[in-house]
Each structure stands twice: as C-alpha cells, then as structure tokens.
Amino acid sequence: MVVSGDNPINIRMSMRDDQDSVAPSPVLSNAEIADRLASLVQLLSSKKENPYKVKAYQRAAARIRNLSESLDEMVRDQEDLTRFAGIGEAIASAIREIVTTGTLGELEKLRAQVTPAVASITSHPRLDPKRVMRVYKKLGISSLDELRQRLENGEIEKLFGARMAQHIRQGLIDVHAMLLYNADDLNAAIEAFLLGPCAVKRAEAAGDYRRRVDVIEELVFVIETDDFPAVVARMQRYGGSTPVVESEKDRALFSLSSGILLRLQLAGKEDWGFHMVACTGSNAHLKKLAAATAPLRELKSGAFKSEAALYRKYGLRYIEPELREGHVEVERAKAGTLPVLVTSKYIRGDLHAHSMSSDGVDSIEDMAEAARDRGYVTPPTNWAMM
C-alpha cells in the first residue's frame, strides 16, 4: 500500500484500492459446507475421536443440508450461526473457516496424517472409512477405481455380504433419493421458505411425499402466487444455491443440494383442487381416475376449488392421499367402501427409540417431553428428577 504523506483521505483511498484488488472467494452452497464437515466426521471416526464430537459434527452436517438460509451469506454478514439447533460455537467456527478460506484446517491436517487410500475415501462423505478399509486390506486394493471394480464383479458382496456392498454402492453414487423420515425436515424447510422469503400466498406439499412413500426422489409443491417468475428466481438462492433444471410459465424443476428434485406447480383458487389431485396421485391412480371421470386435460378446464369437489362431481368418496396408488381405491371410492386410515391419534406409544446417547438425535429429557406432549404417558410430578 502506497501512502502519500499523512493525509487520512489518501490512506483510506489506498486501503480501499487494496481491498478491491482482492478477488472475492467463491460462494459456497450449504451442501458444499456440509460435505466438508461430513469428510471431517469420516476421519475423526477413523481416528477413534471422541464419539460425542463425531456425532455432533454428523448431526450438524445433516442439519445444514436442509437449511434454507445461506450459511455463506450469514458468515459474510457476520450473523450468529449458533441460533440453529445442533450448531455450537466450535462447529460455527468451523463453518466460518470453510466459508472464508474454502477449506478446513483440521480436515486437511487429518488428511495429511492418513494414507492416500483413506484420504481418497473422504471425497465420498457417505462412505465409512473404517468399514471400507476392511475391504481395502482384505482385497489388497488401494484406490476407488479398484473398489468400484470389485463392487461391480460381485466380489465385495461375496466376501463381506450384501449390507457392505449396499453401503459402498450408495456411498459411491450421487444421492438421488432420500428416506421419507429425512424428507420431513426438508419439506418443512422448503414450505417455510416458500411462505416466507418467496412470499407465496399458499403452498401445499403433494407428490410422493404427500402419499407418504418410503423413498422420496422428488418433492412437489402446489403454490399460489401473483409472480411465479419471482418465486423461481428466489428459489434459486435456497440454501445458498439451488439450480433450476427447467422452468415454464406455470411450473419449475430444481435440483436440491440434498440430491433430490423439487417441483413447483402454479395454481389458483379456482383450479387448486385439480392441481392437488394431479400432483399427488401416482400415475397408476391418475390413470384409473381418468377412466372413471374424464381425461386430465378435460378436468383441468373445470373449476375445482378442492379435491373433494372433484371426486364428488364424479360420484366418488374423497380418497386419502396415502391410498392413491392405483390399486382398487377408485372402485372402492365409487362403492363407498374405502377403509379408515390409521392416524397418529390412534398411537399410544413407541415400541423402540434411540436417544443421542447412542445414534439418536435427541436427549432423554427431550424424548420424555415429546412423549408427554403426544399423550403417551402421564408422568409423575417429579419425572424430571428420575
């Protein structure tokens, strides 16, 4: 920095020139930040680090993938990251380091201490290094390419069993699906983002998620808004970066950092019922429904403010989303013999649950509170002291 005399104006201008000459660091998505934390978890686990620390970072990485707020922006704006559950000061500090430097010192230090084979495994955060290294040693391999080859020729499954083969196969491929249990938090976060920053008037989940399918490859939301292009533009900033795959005047498809897709369908008050039916039902259900009513393209022109109105117009009882799989639900809706679904109000307790003392995510106290809130138990007045 060159300073002309002691003039403070010259000093400030020179400092600004120096700052402007530094290229800004690239913006990281939440998924990229989570990947670095997940890689750290792998190495900490392989080094037999404190299991509580390992679990804390593991939970934080999973939590970060579903956040709608951009952690990169929050760090640059010097906002408090510890306001998110599961992110303490140590993990917040690690996130700030990742954003400001593009790397994580502890992760690079651990990578330098392990063999190249173990270091290469950390490029796939879902692989368990301890389990995979067993395969490396047994088969005398030292690279991911060899690992893939032994996986494809069936040698790993033959020697180590189907579970090991499945673990490696899932760890080596990009994520394109998630369990329904994991989709719950993501679905809630996206709904909040649509109703909040995107300012839509109405948003309701549809698709496989609404039918409660075990494995989710795509989340679908039917939304009402006066400015769909603005929603599409805003959605691309979800979690720091969410690329749009395709976009039309009334629908858009996005690639979420969690590995699954997000589809938005525009609807209005008059055709809300039609779009909820069309976006919720499985293809088999919609095919059977069209045979009992009219082709979907004709139904679309009708004024159905609710799903019940659409079913009722054609003499059908309302079909619960969980039943819309294309079996006999349309026939039974016409005959009035649909079954009554078992809902959460019938549940009186849980048979088995894990706390954070093992591989769960909540404390015993939190689980007891949740059980009480659900009416599972009527605890004694001094239950917290037990």
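Values quoted throughout were computed directly from the atomic coordinates according to the rules given, and no laboratory measurement underlies them. Owing to the predicted nature of the structure, the values given are computational and were not obtained by experimental measurement. Positions of Cβ are generated from backbone atoms using ideal geometry, with glycine treated the same way; all protein chains shown enter the neighbour counts.
Hey, quick one: spin label on residue 47, modelled 7 Å out along Cα-Cβ, who in the stretch 109-143 has an amide N within reach, i.e. under 19 Å? Once the point is set 7 Å along Cα→Cβ of residue 47, 109-133 turn out to lie under 19 Å by backbone N, inside the stretch 109-143. Tilt of helix 89-101 relative to the longest C-alpha principal axis of the chain, in degrees (0 to 90, nearest 10)? Roughly 80 degrees between the two axes. Karplus-based coupling profile of the stretch 303-318, in residue order and whole Hz: 9, 10, 6, 9, 5, 4, 5, 5, 4, 5, 4, 9, x, 10, 5, 4, with θ = phi - 60° in 6.51 cos²θ - 1.76 cosθ + 1.60 and x standing for Gly or Pro. Neighbour counts of other Cβ atoms within 10 Å put 74, 235 in the fewest-to-most order 74, 235.
As a proxy for reagent exposure, 107, 151 were ordered by neighbouring Cβ count within 10 angstrom, fewest first; the result is 151, 107.
A DSSP coil position with no more than 15 other Cβ atoms inside 10 Å describes the following trypsin sites (Lys or Arg not before Pro) in the stretch 46-94: 47, 48. Quick one: among 373, 35, 271, which has the greatest mean-square fluctuation in a GNM of the chain with alpha-carbon springs under 10 angstrom? In this elastic network of the chain, the residue with the biggest mean-square fluctuation among 373, 35, 271 is 373. In vacuo Debye scattering of the stretch 180-335, one point per C-alpha: log10 I(q)/I(0) at q = 0.11, 0.14, 0.20 Å⁻¹? For the stretch 180-335 at q = 0.11, 0.14, 0.20 Å⁻¹, log10 I(q)/I(0) is -0.43, -0.69, -1.26. Between the Cα long axis of helix 30-46 and the first principal axis of the chain there is an angle of about 70°, rounded to the nearest 10. The angle separating the long axis of helix 180-195 from the principal Cα axis of greatest extent in the chain is about 90 degrees. When semi-axes √(5λ) of the Cα gyration tensor in Å is computed from the coordinates, the matching label among [x] 36, 28, 18; [y] 36, 24, 20; [z] 42, 31, 24 is [z]. Distances between placed amide hydrogens fall under 5 Å for residue 317 paired with 334, 336, all partners being 5 or more residues away or on another chain.
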